[in-house]
Amino acid sequence: MLFVLFFVVVWLLTAFRSSHYYLEQTVERRTAALRSEIEERKRLEHAKLQAERLAMVGSMAAKVAHEIRNPLGSISLNLDLIGEELNAFSNSDARSSEEYRVLLREMRSQVLRIHQVLQEYLRFGRMPKSERAALSLKGLFEEKLNFLQPLLDEKHVQLTKTFDPHVPLVHADPEQLWEAFLNLIRNAIDAMPDGGNLTVNTKKNGATALVYISDNGRGMTKDEARNLFVPFFTTKSDGTGLGLAHTQQIINEHGGKIDCTTSPGKGSTFAIQLPLAVGA
Ligand SMILES: Nc1ncnc2c1ncn2[C@@H]1O[C@H](COP(=O)(O)OP(=O)(O)OP(=O)(O)O)[C@@H](O)[C@H]1O
Ligand SMILES: [Mg+2]
C-alpha cells in the first residue's frame, strides 16, 4: 500500500514537472512572438510617420519651388542679356569686361545649381501614381545598368552583378524602383571617390525578393547612419539630402523594407526587401 502511494506521488511530481516545463516553453515562445510583433508594429508606425512627414515636406517644397522658379528664370535671362551687352563693349575696356564676364559666369552657374535643386524638389513633391506590374529584377538591372557603364568607367568603379535565377517576379513600378536603386548606386559611387567595387545581388528570401547594393567606400559614422533617411540630411556640399528619403518612400509604398549596414572606412550595404508578384 505504501509502495503504491509512493509510486503515485513520484508519478504526480514527474507529471507536474513536465507540465511546468511545457508551460515555461510556451510562455517563452509566445513572449518572443509578441516581442517581434511589437517591433514590426513599431517599424510600420515609424514608416507611416516618415511617409506622412515626407508627403508634407514634398508638397511644401513643391510650392516653394514653384514660387522661386519664375523669378529665377527672369534672373537667368537678364544675366544672359548683360553678358551679350558686355560682349559689345569688350573692345573698349577688355580687362574689366573679362572680369565682369567671370562674375557673370559664376552667377550663371549658381542660378543653374538652384534650378537643379528646384527640379529635384518638384520631382519629389509630385511623385506620380505608381504603375505596378509583375517585374523581373534581373531584367530591370540588365537593362538599366548598361547605361551606367560609362559613368562607372569614369569613376573607376568595378561593378559585380549576381542575380539568383530563382528570384521570382516582384510587384513593382519599374521606373520608380529604378529611381530608388539609382539613388543607392549614385551614393555608392560618391562614397568611393578614388574608385572601388560596387556589387548588386538579388536573392529569394521566403515570400520576398532581396536586393543588396554594396560598396567598399568610406562607410558611415554612427551619427550619419542614424540620420541616413531623414529628409535634407546630407554630408555633401552639393547634395539635397532627399535621395535616400525618396528611396525609402518608394520602397515603403511598394510594401517593402530598406535597411543599411555600414562600417566606417570599409563600406556600406543597403538591403531592399520587396514583395513578390501574386502567383510568383
Ligand atoms: N553608400 C554610402 N556610403 C557612405 N555614405 C552614404 C552612402 N549613402 C548615403 N550616405 C550618406 O547619407 C547622406 C544622405 O544621402 P542622400 O542620398 O539622402 O542625400 P545626398 O546623397 O547627400 O544628396 P543627393 O541624393 O541629393 O545627391 C549622404 O550625404 C551621405 O552622408
Ligand atoms: Mg544621394
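The values are calculated or read from the model by the stated rules, or taken from the named source; none is laboratory data. Not measured: the values here are computed from a predicted model. Here Cβ is always computed from backbone atoms with ideal geometry, including for glycine, and neighbour counts include all displayed protein chains. Accessible surface areas use protein heavy atoms only, side chains included; no ligands, DNA or RNA. Shrake-Rupley method; radii C 1.70, N 1.55, O 1.52, S 1.80 Å.
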Fill in the blank from the handout: Looking only at aspartates and glutamates whose Cα falls under 15 Å of LYS266's and that sit 8 or more positions away or on another chain, we get ASP190, ASP194, ASP215, GLU224
Fill in the blank from the handout: Expected field for MET56, accessible surface area in Å² at 1.4 Å probe radius, rounded to 10, holds 110 Å²
Exercise for the section: Could you name the aspartates and glutamates whose alpha carbon sits less than 14 Å from that of LYS204, not counting residues in the same chain fewer than 8 places away? Expected result: ASP164
Practice task
Just subtract the alpha-carbon distance of LYS161 and THR234 from 0.36 nm times their residue separation and send over the number in nm, one decimal.
Solution key: 23.5 nm
Exercise for the section: Would you rank LYS161, LYS222, LYS63 by solvent-accessible area, highest first, keeping every protein chain in place and using a 1.4 Å probe? Expected result: LYS222, LYS63, LYS161
Handout entry: 3J(HN,Hα) from dihedral phi, the range 114-121, Karplus parametrisation 6.51/-1.76/1.60, rounded to Hz, x for glycine, proline
Key = 4, 4, 5, 4, 4, 4, 4, 4
Practice task
Please calculate the 1.4 Å probe accessible area of THR262, with all protein chains present, and give it to the nearest 10 Å².
Solution key: 40 Å²
Exercise for the section: Could you pull out every one of the lysines with an alpha carbon less than 22 Å from that of LYS129, ignoring same-chain neighbours closer than 8 positions? Expected result: LYS48, LYS63, LYS144, LYS257
Problem - Chain lengthening between ARG69 and THR221 when straightened (0.36 nm per residue, less Cα-Cα) - result: 51.1 nm
Exercise for the section: Any chance you could run the full-extension gain for ARG30 through SER263? It's 0.36 nm times the residue separation minus the Cα-Cα distance, nm to one decimal. Expected result: 80.4 nm
Practice task
Go through VAL57, VAL102 and list them by solvent-accessible area, largest first, probe radius 1.4 Å.
Solution key: VAL102, VAL57
Problem - Check: the chain dipole with +1 on Lys, Arg Cβ and -1 on Asp, Glu Cβ, in debye - result: 1080 debye
Practice task
Could you work out how far apart the two model spin labels at ASP153 and VAL278 are, taking each label as a point 7 Å from the Cα in the direction of the beta carbon, and quote it in nm?
Solution key: 4.5 nm
Practice task
Quick one: among GLY239, GLY195, GLY267, which has the greatest mean-square fluctuation in a GNM of the chain with alpha-carbon springs under 10 angstrom?
Solution key: GLY239
Completion exercise
Quotient of Cα radius of gyration and Kirkwood radius for the chain, i.e. Rg/Rh, equals 1.23
Exercise for the section: On a C-alpha basis, how far is the centre of the range 159-176 from the centre of the range 229-280 in Å? Whole number, if you could? Expected result: 16 Å
Completion exercise
Once normalised by the length of the chain, the mean sequence separation of its alpha carbon contacts under 8 Å that are 6 or more apart gives a contact order in percent of 16 percent
